[in-house]
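The values are calculated or read from the model by the stated rules, or taken from the named source; none is laboratory data. Everything quoted here is computed from the prediction, not taken from an experiment. Every residue, glycine as well, gets a Cβ built from its backbone with ideal geometry; the counts of neighbours run over all protein chains shown. For the accessible areas, the whole protein counts, side chains as well, though only heavy atoms, and no ligand, DNA or RNA atoms are used. Shrake-Rupley method; radii C 1.70, N 1.55, O 1.52, S 1.80 Å.
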Amino acid sequence: MRNLNVTRDAAREIVRAGLAPDEVSGYETPGAAPPWTPEFDVRPCRLLSAWTQNDAGVWQGRACFIVSETGRPDPSFVFDVYCPAASGRPEGEPYSWRFWAAWRGRWESLQQPVYQRIYVGGSYISAGAYDVDLGGYRIDNEGLTNAVVPGDAYSNTKTLYFNRRFFQWIPSTLDIVGKKEISLVAHYETVVTGIVDGVPRTKQILALGPAD
């Protein structure tokens, strides 16, 4: 005779129904897992695209199966795969991430949700808005990291200052609207290069700094 474990509530129902012990064999423990059926097909896959969110907010990507006998991807059949349990971008890079997917009317990734760290901008670093093409929040360096003059013990890790006597901002010569570029402050000086028959010979040279 097969032993059957039942809950206390189930046992009370059996007694209330007046069933004989040999009639109890048809009862199963409430909450037991259903038997495995072919509808739950599970296969190894390889990711072929970046994860993106659809209009319903569900993460999805493109994948192909991995041939179990050889362990090689089979790109002859490419399909959509979903990750409905993910609360953030699922793990995996295209063409390198391997995972298991189950068929439930659609192929769904079995990986767990990924809880990502939150990054914020710090000193001279800014975190931009989410970039769909890059797949994350863009982090830019908006300040100088370090400036050193060889042979000089002084170094600067913050703002680099230019001497305004020799440097200036001018409209950008590049095709960038609203931008400026740093330029040298210079002027032409007339100098005497020699005297011929009592007549000074002169030429203009470019000198740094403003004309005094």
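On the given criteria, is Val120 surrounded by fewer than 11 Cβ atoms within 10 Å (Cβ to Cβ) and within 14 Å of Gly61 (Cβ to Cβ)?
For Val120, the condition - surrounded by fewer than 11 Cβ atoms within 10 Å (Cβ to Cβ) and within 14 Å of Gly61 (Cβ to Cβ) - is not met.
Could you say whether any residue in the range 189-203 is open to solvent by 70 Å² or more (accessible area, probe 1.4 Å), of a type in the set (A, V, I, L, M) and touching a Ser or Thr at 6+ places or on another chain (Cβ under 9 Å)?
The answer is yes; a qualifying residue exists.
Quick one: what pairs do we get from the range 135-163, first residue touching a residue at least 40 places away in the same chain (Cβ under 8 Å), second part of a loop (DSSP other than H, G, I, E, B) and of a type in the set (A, V, I, L, M), C-beta under 6 Å, 6+ apart or different chains?
Correct list of pairs: Gly135/Ala50.
Does Glu69 satisfy being closer than 28 Å to Ile118 by Cα, surrounded by fewer than 13 Cβ atoms within 10 Å (Cβ to Cβ), charged (D, E, K, R) and modelled with pLDDT of 60 or more?
Here the answer is no, as Glu69 does not meet what is asked.
Tell me, which strands (runs of 3 or more DSSP E) wholly within the range 58-141 include 3 or more residues that are over 19 Å from Leu47 (Cα atoms) and out of contact with any helix residue (DSSP H, G or I) (no Cβ under 7 Å at 6 or more places or on another chain)?
In the range 58-141, the matching strands (runs of 3 or more DSSP E) lie at 125-131, 136-141.
Answer with yes or no whether Gly61 is more than 19 Å from Phe99 (Cβ to Cβ) and modelled with pLDDT of 90 or more.
No, not satisfied.
Among what's in the range 127-168 and is among the acidic types (Asp, Glu) and open to solvent by 90 Å² or more (accessible area, probe 1.4 Å), pick the residue that is nearest to Pro90 (Cα to Cα).
Per the stated criteria, the residue is Asp133.
Cβ contacts < 6 Å: first residue under 14 Å from Arg164 (Cβ atoms), restricted to the range 176-193; second residue open to solvent by less than 90 Å² (accessible area, probe 1.4 Å) and assigned to a strand (DSSP E or B), any location; separation 6+ or different chain. Result?
Sorted first by the residue in the range 176-193, then by its partner, the pairs are Ile182/Phe167; Ser183/Gln168; Ser183/Ile170; Val185/Gln168.
Does Trp97 satisfy the condition of being under 22 Å from Phe65 (Cα atoms), within 18 Å of the chain's Cα centre (by Cα) and either loosely packed, with under 13 Cβ neighbours inside 10 Å or not small (Gly, Ala, Ser) (or both)?
yes
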